[in-house]
Amino acid sequence: MDLSSIDYWVDLHLHLDGSLSLKTVRKLAKMQNIEVPEDDGKLNKLLVCPSYCESLNQYLQCFDFPLQLLQTKAAVTESVRALISELKKENTIYAEIRFAPQLHCRKGLSQTEVVEAAIAGLDGNMKLILCCMRGKDNEEQNIETIRLARDYQGKGVVAVDLAGAEGIFPNSDYKALFAAAKEMKVPYTIHAGEAAGAESVRCAVEYGAARIGHGVRSYEDSNVMNLLKKSGVMLELCPTSNLDTKVFDRLEDYPIAQYLKAGIPVCINTDNRTVSNTTIRKEYEKLSDTFGLTIEDVNNMLVTACKYSFADKCCKEDILRKAGAL
């Protein structure tokens, strides 16, 4: 479908470390005297998900190299600035860029320094989501991430998330973490229903998530579908990423039509622009071509993304105005 009549985009599920362009990677490497392959094809192999990727766990290995480049304040600031510049060129009027501060402390930075460096790279209506990480023995780091989200709310940070290997570390392990977020009045989305099934989504909704990162496997349980509709929790769908991680083998099997028909709020996102070799426009075009979505369908999902954003009232009104929804 020709989407040329749509002149703005919104991306709510966008990982910083999975979205470093080749140009940005080369600049960050030069800044830090880190050697990278001169050949773009060889460098791409370090950044882009291979066709033989078999699971989310293998997909997550694509983040090892980018994270090596994001261990200084200057690198974090530049990566955020460069990504926002690319988004603006593509007419993205609002994005929530997420990253895990604790993963950027390998060379001595504190989580506070990492967050402040990321904020320094912000521009316009672009915001940050701080990710807690699934894993062992990092409870203190996760609580610190939530505290930072609380302390920097209104200063560029809008929410927290839980990311990582969902199939290995289930959402049920993190009840206390999100109870802490709720107590600190920090909004949150939770990765769920990607590597694990619909029960993971139920758990995230019961923990009070305002949105679900992915949630694409919710259709496996009609009760969870009803729960989503009743609660009004939105799914942050990321089609290409879900194909890369083999949640689905074919885009034709993607359950977007089921969610739209059921009246469950959804929006489309990139997840990782570089790792999945995509843009927000490509994501909508793929779905439109495969499922015959109308311009109205696409516009409705973009407006839904605006409405479900974690932006403050003033920012939300601005992006809704730009979307023609006010």
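The values are calculated or read from the model by the stated rules, or taken from the named source; none is laboratory data. Keep in mind that this is a model prediction, so the values were computed, not measured. Note that each Cβ is placed from the backbone with ideal geometry, even for glycine, and that neighbours are counted across all protein chains shown. Calculation scope for accessible area: heavy atoms of the full protein, side chains included, ligands and nucleic acids excluded. Shrake-Rupley method; radii C 1.70, N 1.55, O 1.52, S 1.80 Å.
Is the shape of region 178-240 rounded, prolate or oblate, going by the alpha carbon gyration tensor and its root eigenvalues a ≥ b ≥ c, with a/c under 1.5 for rounded and a/b larger than b/c for prolate?
prolate
If ligands, DNA and RNA are left out, what is the accessible area of E252 with a 1.4 Å probe, given in Å² to the nearest 10?
E252 exposes around 110 Å² with every protein chain in place.
Within region 238-298, which trypsin sites (Lys or Arg not before Pro) sit in a loop by DSSP and count at most 10 neighbouring Cβ atoms inside 10 Å?
Answer in residue order: R250.
What number comes out for accessible area per residue over the chain if the probe is 1.4 Å? Units Å², please.
42 Å²
What percent do you get for the relative contact order of region 15-73 when only Cα pairs under 8 Å and 6+ apart count?
46 percent
In nm, give the distance between the simple-model label positions of S51 and D221, each being 7 Å from the Cα along the Cα-to-Cβ direction.
The modelled label-to-label distance comes out at 3.7 nm.
I want to check the label-to-label distance for E317 and K89. Put each point 7 Å from Cα in the C-beta direction and report it in nm to one decimal.
Modelled inter-label distance: 3.4 nm.
Once amide H atoms are placed 1.01 Å from N in the peptide plane, what residues at a sequence separation of 5 or more from Y188, or on another chain, have their amide H within under 5 Å of its amide H?
V160, A210
In region 26-56, which trypsin sites (Lys or Arg not before Pro) are in a loop and have at most 12 other Cβ atoms within 10 Å, using DSSP for the loop call?
Nothing satisfies the criteria.
How far is it, in nm, from the label point at N277 to the one at E35 when both lie 7 Å from their Cα along the line to the Cβ?
It is 2.7 nm.
Calculate for the chain the 222 nm mean residue ellipticity that helices alone would give, adding -39,500 (n - 2.57) per DSSP H run of length 4 or more and normalising by residue count, nearest 500 deg cm²/dmol.
-13000 deg cm²/dmol
With springs connecting C-alpha atoms under 10 Å apart, model the chain as a Gaussian network and identify which of T92, T290, T279 has the largest mean-square fluctuation.
T290
Using a 1.4 Å probe over the heavy atoms of the protein chains, calculate the carbon and sulfur portion of the accessible area of the chain as a whole percent.
48 percent
For a test of the definition: using alpha carbon positions, the gyration tensor, and the 1.5 limit on a/c, classify region 216-326 as rounded, prolate or oblate. Walk me through the numbers before you get to the answer.
Working: a/c = 1.68, a/b = 1.23, b/c = 1.37.
It comes out oblate by the Cα gyration axes.
Restricting to Cα pairs below 8 Å that are 6+ residues apart, what does the relative contact order work out to for region 233-290? Please round to a whole percent.
Here the relative contact order equals 42 percent.
From a point 7 Å beyond the Cα of I168 in the direction of its Cβ, which residues of region 194-208 have a backbone N at a distance under 12 Å?
Residues passing the 12 Å test: none.
Test of understanding: what is the full-extension gain from A176 to C105, defined as 0.36 nm times their sequence separation minus their Cα-Cα distance?
Length gained, A176 through C105: 23.2 nm.
Where a ≥ b ≥ c are the square roots of the eigenvalues of the C-alpha gyration tensor, would you call region 1-86 rounded, which needs a/c under 1.5, or, failing that, prolate if a/b is larger than b/c, or oblate?
Oblate is the answer for region 1-86, as a/c is 1.5 or above yet b/c matches or exceeds a/b.
Do any trypsin sites (Lys or Arg not before Pro) in region 101-199 lie in a DSSP loop with no more than 13 other beta carbon atoms within 10 Å, and if so, which?
For trypsin sites (Lys or Arg not before Pro) across region 101-199 that sit outside H, G, I, E and B with at most 13 neighbouring Cβ atoms in 10 Å, the list reads R106, K107, K136, K155, K185.
Taking only C-alpha pairs under 8 Å that are 6+ residues apart, what is the relative contact order of the chain in percent? Working shown, then result.
Values: 577 pairs, mean separation 65.3, N = 326.
Relative contact order of the chain: 20 percent.
To the nearest 0.05, how large is the calculated FRET efficiency for K73 and E139 if R₀ is 22 Å and r is the Cβ-Cβ distance?
0.30
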